[in-house]
Amino acid sequence: MGKLKNKVALITGAGQGVGQGIAYALAAEGAAVVVTGRTLAKVEKTAIEVVRRGGKALALSCDVKDAASMRACVEQGVKHFGGLQILVNNAQEVPLGPLNGVSDEAFTAGWESGPLATFRLMKLCYPHLKGDGNIINLASPAAMRWDMSGYGAYAAVKEAIRSLTRAAAGEWGKDGIRTNAILPLANSPGMEWWTRERPAEAAAFIATVPVNRVGDCEQDIGRFVVSLCSDDCRYINGQSIAVDGGQAYLG
C-alpha cells in the first residue's frame with residue numbers, strides 16, 4: 001500500500017462495475033476517493049466498503065448530464081479532502097443498437113453522459129490537477145470491432161472521448177497533467193447484461209480474447225489504473241490503452 005498516498009481521486013459511475021473496481025484499487029494504494037454516481041445509495045455502499053478495508057472515501061450524488069451537479073461535486077470533494085490529483089471519467093449511458101434503432105434521445109444521452117461530461121469535468125478539475133494531476137478517461141474496445149453493426153452510436157461517443165484525451169494531453173502536459181484513455185474489457189454489469197441477453201454473440205466475442213477470460217473490475221482494470229496514475233508511468237501521456245487481454249488491436 002502506498003503508491004498513491006496523499007492523492008485524492010474523483011471517480012464517476014463508482015457505484016458498480018469498472019468505476020467501483022477502480023475506486024477500490026486506488027483506495028488500496030492510499031488514495032482518498034470521492035465516489036460519485038446518480039444513485040447515492042450505490043456509491044454509499046462503495047464508500048462503506050472502502051472504509052471497511054481501511055481507506056478514505058466520500059460518497060456524492062452526481063448527474064454527469066448536469067453541469068451544475070458536476071460543479072458542486074468537484075467543489076465538495078476538493079473541500080472535503082483538501083485537493084484533487086486524479087480524475088476518472090467512467091460514467092456513461094450506452095446507446096446500443098442498429099443506427100435505425102437508436103433514437104435521438106438515446107444518442108443524445110450517450111453524448112451528454114460521455115464526451116460532453118468528460119469535457120466539462122476535465123475543465124472543472126483542471127485548476128486542481130495542475131502540477132501533479134492524472135486524468136483517466138474511459139473509452140471502449142467496441143470502437144475497434146471490425147464489424148460495427150449495432151455499435152455505431154456507442155463507438156461514436158467513445159471515440160469522441162479519445163479525441164478529447166489526446167487534446168488534453170497535448171495542451172495540459174506542460175501544466176503537469178497527464179491524460180490517458182483506457183479501453184477495458186471487464187466483468188461489469190454491462191458485460192453481464194450482454195452475456196445474458198445476447199449469449200451467442202458474447203460467447204463468440206469472449207472466445208477471441210487471447211487470455212481466455214474477461215477482466216476483473218478491481219484486480220485487472222483497477223490495478224492498471226493505479227499503475228497509470230503512479231510515478232511508475234510518469235512519462236505516459238496521451239495514450240489509448242486496451243486493457244482487454246489482447247483482444248483489440250490499436251495499431
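Out of (1) part of a helix (DSSP H, G or I); (2) surrounded by fewer than 20 Cβ atoms within 10 Å (Cβ to Cβ), the odd one out for N212 is which?
Here N212 meets the rest and fails (1).
Which residue pairs have Cβ atoms closer than 9 Å, lie 6 or more positions apart in sequence or on different chains, and pair a first residue in segment 1-17 that is open to solvent by less than 30 Å² (accessible area, probe 1.4 Å) with a second residue that is charged (D, E, K, R) and part of a loop (DSSP other than H, G, I, E, B)?
L4/E29; V8/K56; G13/R38; G15/R38
Pick from segment 215-226 the residues that are closer than 12 Å to I136 by Cβ and touching a residue at least 60 places away in the same chain (Cβ under 8 Å): which of them is surrounded by the most Cβ atoms within 10 Å (Cβ to Cβ)?
Across segment 215-226, the extreme among qualifying residues is V225.
Hey, among the residues in segment 117-146 that are without any contact (Cβ under 8 Å) to a residue 40 or more places away in the chain and open to solvent by 60 Å² or more (accessible area, probe 1.4 Å), which one's farthest from S188 (Cα to Cα)?
P127
Output the number of the condition that K65 fails; it satisfies all remaining conditions of (1) closer than 18 Å to I161 by Cβ; (2) open to solvent by less than 60 Å² (accessible area, probe 1.4 Å); (3) of a type outside the set (A, V, I, L, M, F, W, C).
(2)
Which count do you get for residues in segment 179-198 that are surrounded by fewer than 16 Cβ atoms within 10 Å (Cβ to Cβ) and of a type in the set (F, W, Y)?
1
Tell me, yes or no, whether segment 1-8 has at least one residue that is in contact with a Phe, Trp or Tyr (Cβ under 6 Å, 6 or more places away or on another chain), at pLDDT below 95 and in a loop (DSSP other than H, G, I, E, B).
Checked against the condition, which is being in contact with a Phe, Trp or Tyr (Cβ under 6 Å, 6 or more places away or on another chain), at pLDDT below 95 and in a loop (DSSP other than H, G, I, E, B), segment 1-8 yields no hits at all.
Among the residues in segment 150-160, are any free of Cβ contacts under 8 Å to residues at least 24 places away in the same chain, more than 21 Å from V102 (Cα to Cα) and either open to solvent by 20 Å² or more (accessible area, probe 1.4 Å) or not in a loop (DSSP other than H, G, I, E, B) (or both)?
Among the residues of segment 150-160, not one is free of Cβ contacts under 8 Å to residues at least 24 places away in the same chain, more than 21 Å from V102 (Cα to Cα) and either open to solvent by 20 Å² or more (accessible area, probe 1.4 Å) or not in a loop (DSSP other than H, G, I, E, B) (or both), which makes the answer no.
Criterion first (touching a Phe, Trp or Tyr at 6+ places or on another chain (Cβ under 7 Å) and either under 28 Å from T39 (Cα atoms) or among the acidic types (D, E) (or both)) does T179 satisfy it?
Yes; evaluated as a whole, the condition is true for this residue.
Does any residue in segment 35-55 that is more than 21 Å from E112 (Cα to Cα) and among the β-branched types (V, I, T) come within less than 9 Å, Cβ to Cβ, of a residue that is modelled with pLDDT of 95 or more and open to solvent by 80 Å² or more (accessible area, probe 1.4 Å) six or more places away or on a different chain, and which pairs are these?
Pairs found: T46/Q16; V50/K56.
Checking the conditions here, which among R213, R162, R223 is more than 30 Å from K7 (Cα to Cα) and among the basic types (K, R)?
R213
With the requirement that a residue be assigned to a helix (DSSP H, G or I) and touching a residue at least 12 places away in the same chain (Cβ under 8 Å), what does segment 169-198 give you?
Correct list: A169, G170, W172, G173, D175, P189, G190, M191.
The values are calculated or read from the model by the stated rules, or taken from the named source; none is laboratory data. Nothing here was measured: the structure is a model prediction, and the numbers come from that model. Backbone-built Cβ (ideal geometry, glycine too); neighbour counts: all protein chains shown. Accessible surface areas use protein heavy atoms only, side chains included; no ligands, DNA or RNA. Shrake-Rupley method; radii C 1.70, N 1.55, O 1.52, S 1.80 Å.
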